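Here the structure comes first, spelled out in structure tokens, and everything after it is commentary.
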Amino acid sequence: MTDALNDFNQQIMDEFRANAGKVGGHFEGRPMTIVHHTGAKSGIVRHAPLVYLP
């Protein structure tokens, strides 16, 4: 991922954690979770916000 996308994702996750699972802006009112996953070969732990958009 690019640095800009990583920064954007980090801002969303920080807001999510700081506001008891709520975020504003474009994602306000949308169901969201943070997915935690580990690379099978690298073992690197990664986190990514996941939003359901009907």
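Each residue in the chain was checked for being of a type in the set (Gly, Ala, Ser) and touching a strand residue (DSSP E or B) at 6+ places or on another chain (Cβ under 8 Å), and 3 of them qualify. Residues of region 37-54 that are of a type in the set (D, E, K, R) and within 18 Å of Asn9 (Cα to Cα): Arg46 alone.
Considering every residue within region 35-44, establish whether at least one is out of contact with any Gly (no Cβ under 6 Å at 6 or more places or on another chain), among the polar types (S, T, N, Q), assigned to a strand (DSSP E or B) and free of Cβ contacts under 8 Å to residues at least 40 places away in the same chain.
Yes, there is a match, as at least one residue in region 35-44 is out of contact with any Gly (no Cβ under 6 Å at 6 or more places or on another chain), among the polar types (S, T, N, Q), assigned to a strand (DSSP E or B) and free of Cβ contacts under 8 Å to residues at least 40 places away in the same chain.
Please verify whether region 22-33 includes one or more residues that are among the charged types (D, E, K, R) and touching a residue at least 12 places away in the same chain (Cβ under 8 Å). Steps first, answer last, please.
Pass one, region 22-33, residues among the charged types (D, E, K, R): 22, 28, 30.
From what is left, the residues that are touching a residue at least 12 places away in the same chain (Cβ under 8 Å) are 30.
Within region 22-33 (the criterion being among the charged types (D, E, K, R) and touching a residue at least 12 places away in the same chain (Cβ under 8 Å)), the answer is yes, since at least one residue qualifies.
Only the coordinates and a few stated rules stand behind these numbers; no lab work does. Since the model is a prediction, treat every value here as computed from it, not as a measurement. Cβ: placed from backbone, ideal geometry, glycine included. Neighbour counts: every protein chain shown.
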